[in-house]
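Trainee: Take a look at the following structure, please.
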Amino acid sequence: MPVASSLSPGPSPARGRGEQNAAPNGYDLSSISHAIFNHHISTNHHHTMTYPAFFDQAPTITMHDRLAEFLGASGDGMLTYRYIDAVRLAGHSCPTVAGAWLMTRRALQMLYPDQIPERGAIDVMFSSAQDEGVTGVIASVVGLVTGAAGPGGFKGIGGNFNRQNLLHFAGDFPGEARFARSDTGAEAYLRMHMQRVPGDPRIDELLRAGLAGRATPEEKKEFASLWQQRVKRILIDHADDTELIGVIV
């Protein structure tokens with residue numbers, strides 16, 4: 001069965017006293033165990049993440065994932081993603097991450113107007129190369145929600161649930177991204193116009209000061225606040241703005 005190859009092997013047969021601390025590759029197991037143990041202690045410390053309240057007010061995206069249902073991660077296969085999930089993935093919140101979130105939401109609304117979108121059944125292509133501008137950042141958010149992945153993606157189980165090679169770059173088409181359903185072939189072409197929601201004029205100078213290491217604690221707080229205020233306007237005030245997330249007809 002293909003499943004067996006994806007499972008971790010069982011415990012190794014017992015070794016002699018002189019072999020107990022020797023790994024096949026020559027590393028000392030006691031040192032490795034010590035490192036893992038200490039890492040476990042440090043990462044087991046509970047910390048509650050604090051973040052702007054509007055993250056929880058941003059539109060959510062609910063998907064159905066056959067793989068999640070099949071493997072028991074979700075009883076009915078329903079997965080609800082929130083903007084904070086994209087923030088955790090990217091490690092930050094910015095207009096690009098917010099725009100990618102809304103563009104993905106808009107594409108799914110177009111492809112599945114009367115259905116819950118099917119995660120893992122959507123092919124996504126970008127017109128730019130993966131390392132061009134912020135394309136890679138946008139693609140990571142898109143992949144989080146849609147399940148679309150590149151060559152390193154999940155290869156599936158017994159010919160089912162494949163996520164590999166559903167994410168492509170450097171395509172020749174109008175717009176910024178093309179989303180396509182793998183079952184019906186329906187397509188949606190979209191483009192982000194982030195200049196639609198400009199930032200506060202003070203941001204540029206505060207950014208330069210922060211990067212140069214000369215910003216005061218108050219200036220750092222002001223910069224972060226102004227930065228997230230723009231993100232909030234994008235996600236809350238312009239969530240359904242067709243001039244922000246444009247559809248290419």
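Trainee: Quick one: what pairs do we get from the stretch 39-61, first residue under 27 Å from Cys94 (Cα atoms) and open to solvent by 90 Å² or more (accessible area, probe 1.4 Å), second at pLDDT 95 or above and assigned to a loop (DSSP other than H, G, I, E, B), C-beta under 9 Å, 6+ apart or different chains?
Mentor: Note: pairs meeting the criteria are Asp56/Arg82.
Trainee: If you don't mind, another one. Would you point out which residue out of Ser127, Ser74 is touching a Pro at 6+ places or on another chain (Cβ under 9 Å), among the polar types (S, T, N, Q) and surrounded by 15 or more Cβ atoms within 10 Å (Cβ to Cβ)? Lay out the reasoning, then the answer.
Mentor: Values: Ser74 fails: touching a Pro at 6+ places or on another chain (Cβ under 9 Å).
Every option except Ser127 fails the conditions.
Trainee: Would you please list the contacts, defined by Cβ atoms under 6 Å and residues six or more apart or on different chains, that run from a residue in the stretch 100-111 that is within 8 Å of Ala188 (Cβ to Cβ) to a residue that is surrounded by fewer than 24 Cβ atoms within 10 Å (Cβ to Cβ)?
Mentor: Between residues of the stretch 100-111 that are within 8 Å of Ala188 (Cβ to Cβ) and residues that are surrounded by fewer than 24 Cβ atoms within 10 Å (Cβ to Cβ), the close pairs are Ala107/Ala188; Ala107/Leu190; Met110/Ala188; Leu111/Arg181; Leu111/Ala186; Leu111/Ala188.
Trainee: Is at least one residue of the stretch 137-153 of a type in the set (S, T, N, Q) and more than 13 Å from the chain's Cα centre (by Cα)?
Mentor: No, the conditions are met nowhere in the stretch 137-153.
Trainee: Identify, from the list Gly133, Gly91, the residue that is open to solvent by 40 Å² or more (accessible area, probe 1.4 Å) and within 14 Å of the chain's Cα centre (by Cα).
Mentor: Numbers: Gly133 fails: within 14 Å of the chain's Cα centre (by Cα).
After ruling out the rest, the residue left standing is Gly91.
Trainee: Return the total of residues in the stretch 144-160 being without any contact (Cβ under 8 Å) to a residue 40 or more places away in the chain and surrounded by fewer than 19 Cβ atoms within 10 Å (Cβ to Cβ).
Mentor: Filtering the stretch 144-160 down to residues without any contact (Cβ under 8 Å) to a residue 40 or more places away in the chain leaves 148-153, 155-156, 159.
This time we only want the ones that are surrounded by fewer than 19 Cβ atoms within 10 Å (Cβ to Cβ), so: 150-153, 155-156, 159.
Result for the stretch 144-160: 7.
Trainee: Exactly one of these conditions fails for Ala180: (1) aliphatic (A, V, I, L, M); (2) under 14 Å from Trp101 (Cα atoms); (3) under 20 Å from the mean Cα position of the chain (by Cα). Give me its number.
Mentor: Result: Ala180 passes all but (2).
Trainee: Follow-up. Only one residue in Glu218, Glu243 is assigned to a helix (DSSP H, G or I), of a type in the set (Asp, Glu) and open to solvent by 50 Å² or more (accessible area, probe 1.4 Å). Which one?
Mentor: Glu218
Trainee: Here's something else I'd like to know. Please determine, by comparing only the residues of the stretch 196-213 that are surrounded by 12 or more Cβ atoms within 10 Å (Cβ to Cβ) and of a type in the set (A, V, I, L, M), which one is farthest from Arg233 (Cα to Cα).
Mentor: Once the filter is applied, the top-ranked residue is Ala209.
Trainee: Mind listing whichever residues of the stretch 154-170 are closer than 27 Å to Thr60 by Cβ and touching a strand residue (DSSP E or B) at 6+ places or on another chain (Cβ under 7 Å)?
Mentor: Leu166, Leu167, His168
The values are calculated or read from the model by the stated rules, or taken from the named source; none is laboratory data. Note that this is a predicted model, so its numbers are computed, not measured. Backbone-built Cβ (ideal geometry, glycine too); neighbour counts: all protein chains shown. Ligands, DNA and RNA are excluded from the accessible area calculation, which covers all protein heavy atoms including side chains. Shrake-Rupley method; radii C 1.70, N 1.55, O 1.52, S 1.80 Å.
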